[in-house]
Amino acid sequence: MGKFDKYKIDLKGMQEDSCKYEFVLDNLFFANIDGPEVQKGKVNVVLVVKKTSRAFELNFQTDGIVWVPCDRCLDDMEQPVSSTDKLLVKFGHEYAEEGDNLIVIPEEEGEINVAWFIYEFIALAIPMKHVHAPGKCNKAMSSKLNKHIRTTPDDDDMAEDSFAPEEESGLANEEMETPVDPRWDELKKILDNN
């Protein structure tokens, strides 16, 4: 028996018009699927399969928690995920993906393994930006990050001096004295407020 055999749905052998499946995904599932976005988690998935005249409608309800790295401190953090997704499956001669949510499977096989689809639905439910709540980030990493964030306009001048003195840079004096667009000054004020 393979790692993902329990995620195979026998569509050809469906006796009723509607079937319900429930899956509990744990760290082993995420380790076995070897996807880059999620490595650990605890997610409940309810799958309802409905047989229609032309296709099979697979409705996924996904709820749980996954652990992803924080964008600021890189420590793992809990990220709640919840999604409702639909997949349409119809029989054909060979496997094909026609669009975002329409899958064609060979009629002689008559089954579909939904493990990878479930993983993709979970990965898509994770927000683009995931950071710890204020004050919960790794203190050591936060302090190192703060050292590298420019906080005053004077920091920028010091950084230029440390890279190359004006005489060695090869720039003419008139190029160094070009006026600064006042819009940049307004943008610098935003950085100073952070």
(message) Take the residues in the range 34-69 that are within 21 Å of residue 138 (Cα to Cα) and surrounded by 18 or more Cβ atoms within 10 Å (Cβ to Cβ); name whichever of them is modelled with the lowest pLDDT.
(response) 38
(message) over 28 Å from residue 26 (Cα atoms), at pLDDT 80 or above, aliphatic (A, V, I, L, M) and surrounded by 10 or more Cβ atoms within 10 Å (Cβ to Cβ): is that true of residue 104 in this structure?
(response) yes
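Given 20, 40, which one is touching a helix residue (DSSP H, G or I) at 6+ places or on another chain (Cβ under 8 Å) and without any contact (Cβ under 8 Å) to a residue 40 or more places away in the chain? Explain how you work it out, then say what you get.
Values: 20 fails: touching a helix residue (DSSP H, G or I) at 6+ places or on another chain (Cβ under 8 Å).
Among 20, 40, only 40 is touching a helix residue (DSSP H, G or I) at 6+ places or on another chain (Cβ under 8 Å) and without any contact (Cβ under 8 Å) to a residue 40 or more places away in the chain.
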(request) Only strands (runs of 3 or more DSSP E) wholly contained in the range 47-121 count here; list those with 2 or more residues that are in contact with a Lys or Arg (Cβ under 7 Å, 6 or more places away or on another chain). (result) 56-69, 111-113
(message) Of the conditions (1) assigned to a loop (DSSP other than H, G, I, E, B); (2) open to solvent by 90 Å² or more (accessible area, probe 1.4 Å); (3) in contact (Cβ under 8 Å) with a residue 24 or more places away in the chain, residue 124 satisfies every one except a single condition; which number is it?
(response) (1)
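The values are calculated or read from the model by the stated rules, or taken from the named source; none is laboratory data. All values reported here derive from a predicted model rather than from experimental measurement. Glycine also receives a Cβ, built like all others from the backbone with ideal geometry; neighbour counts cover every protein chain displayed. The accessibility values were calculated without ligands, DNA or RNA, using every heavy atom of the protein model including side chains. Shrake-Rupley method; radii C 1.70, N 1.55, O 1.52, S 1.80 Å.
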